[in-house]
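Down below is the structure, laid out as structure tokens.
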Amino acid sequence: MGYRVVVAGATGNVGREMLNILSERHFPVDELAVLASRKSLGTEVSFGEKTLKTTDLDTFDFTGWDIALFAVGSEATKQYAPKAAKAGCIVIDNSSLYRYDPDVPLIVPEVNADAITGYSKKNIIANPNCSTAQMVVALKPLHDRATIKRVVVSTYQSVSGAGKEGIDELWDQTKSIYNPVDDKPARKFTKQIAFNVIPHIDAFMDSGETKEEWKMVAETKKIVDPSIKVTATCVRVPVFVGHSEAVNIEFEDHLDEDEAREILREAPGVMVIDKREDGGYVTPVECVGDFATFISRIRQDSTIDNGLNLWCVSDNLRKGAALNAVQIAELLGNRVLQKG
Ligand SMILES: NC(=O)c1ccc[n+]([C@@H]2O[C@H](COP(=O)([O-])OP(=O)(O)OC[C@H]3O[C@@H](n4cnc5c(N)ncnc54)[C@H](OP(=O)(O)O)[C@@H]3O)[C@@H](O)[C@H]2O)c1
């Protein structure tokens, strides 16, 4: 016996990837409902060999469904996730709406799987921000060994992190640069993204940091350890899929770069590719479609007593969203629902 699963936002970047991953990982699905907005009614999406037609989230009855994977943005989540949870369907949500709610666990299964028991307070589990998810799978095993005091991270985030419209804007604007009569001004992004980088993701806060930067701070604390200090600069770059991060870590205890490399080689969800030669590191185009978070360029930071630098790359639509959500569903199945 398997699960009755709902994917809400099935026509979006994350929703489509959720369907791919449910199929690739042979998640025990008995029945699958694919939902989107009314304007997409009947749109076809792929689930393995099958083609399914989307129905309207607005009129869907969640009664009798086990798990709903939500990837519809905060506004629609606010409207529909409580409805699903009330009907007894456990929501795994990709938006930021519930991430900081003390009654909602925020989970990266490789890091804090035990937090799953907290799901029952609201019948909702939150999936972290894409840039946080890939960073914490690398931080956790290092923290367990040498206790992280502070992290300084700069991100290089792909346009797919901004949804379908982000991908379209980079594609159309890149073509228009070569055809100036077909001008494509910035719409989804705040400045030209083609052949450019933009140090601004999500809204500005009073402190001067952006909400995306604040999310990395708050979520790392909630998932790994509240005592870790994090400071982030989040930057959008003209890459379609795959987020990269330059991470500087300061530890309580000394941690040699070779030992760090060995710890990361053994860590779940991590793949170390770290040769000190041309091409001996991973770039975003190589991580697309992969499950792993890739770590390269591990090296001592000689400017502080116990410091390391590393380069972290992952498919933001996978570990940063859809894969992590399906891993949470697997965890829920193994530890709580036990049907599959
Ligand atoms: N992309 C990433 O790297 C990433 C990472 C982590 C988290 N997330 C989060 O995941 C969510 C989805 O992101 P995305 O990149 O997949 O966005 P997207 O490509 O723009 O897709 C949005 C999806 O939500 C549906 N939707 C939007 N409003 C709706 C409504 N009122 N009723 C029903 N369906 C509605 C859309 O349906 P229609 O096609 O019918 O409009 C579409 O299926 C967001 O909360 C985002 O913050 C994204």
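The values are calculated or read from the model by the stated rules, or taken from the named source; none is laboratory data. All of these numbers come straight from a predicted model, not from anything done at the bench. Positions of Cβ are generated from backbone atoms using ideal geometry, with glycine treated the same way; all protein chains shown enter the neighbour counts. Please note that ligands, DNA and RNA were not included when accessible areas were found on the heavy atoms of the full protein model with its side chains. Shrake-Rupley method; radii C 1.70, N 1.55, O 1.52, S 1.80 Å.
Points to keep in mind about this one:
- Of all residues in region 147-164, those satisfying the criterion of being more than 19 Å from Phe195 (Cβ to Cβ) and not in a strand (DSSP E or B) are Thr147, Gly163, Lys164.
- Complete set of residues in region 151-166 that are over 13 Å from the mean Cα position of the chain (by Cα) and either away from the ligand (no atom under 13 Å from the Cβ) or surrounded by fewer than 22 Cβ atoms within 10 Å (Cβ to Cβ) (or both): Val151, Val152, Val153, Ser154, Tyr156, Lys164, Glu165, Gly166
- Residue match in region 37-49 (condition: away from the ligand (no atom under 15 Å from the Cβ) and either open to solvent by 30 Å² or more (accessible area, probe 1.4 Å) or within 22 Å of the chain's Cα centre (by Cα) (or both)): yes
- Scanning region 304-331 for residues that are more than 10 Å from the ligand (Cβ to nearest atom), assigned to a helix (DSSP H, G or I) and of a type outside the set (Val, Ile, Thr) yields Leu323, Gln327, Ala329, Glu330, Leu331.
- Taking region 8-21 as the range and being more than 16 Å from the chain's Cα centre (by Cα) and either buried (at least 22 other Cβ atoms within 10 Å of the Cβ) or more than 13 Å from the ligand (Cβ to nearest atom) (or both) as the test, the residues that pass are Ala8, Ala10.
- Matching residues in region 105-154 - criterion: being closer than 29 Å to Tyr80 by Cβ and of a type in the set (Lys, Arg): Lys121, Lys122
- Between Ile124, Ile148, the distinction of being under 18 Å from the mean Cα position of the chain (by Cα) and either crowded, with 21+ Cβ neighbours inside 10 Å or under 23 Å from Asp225 (Cα atoms) (or both) belongs to Ile124 only.
- Residue within region 251-269 that is within 30 Å of Lys191 (Cα to Cα), part of a helix (DSSP H, G or I) and either under 24 Å from the mean Cα position of the chain (by Cα) or modelled with pLDDT of 95 or more (or both) present: no
- Listed by first and then second residue, the pairs linking a residue in region 1-24 that is within 9 Å of Leu69 (Cβ to Cβ) to a residue that is more than 15 Å from the ligand (Cβ to nearest atom) and in a loop (DSSP other than H, G, I, E, B), with Cβ atoms under 6 Å apart and 6 or more places separating them unless they lie on different chains, are Val6/Trp65.
- Filtering Ala85, Ala115, Ala138 for residues that are in contact with a Pro (Cβ under 6 Å, 6 or more places away or on another chain), modelled with pLDDT of 95 or more and more than 15 Å from the ligand (Cβ to nearest atom) leaves a single hit, Ala115.
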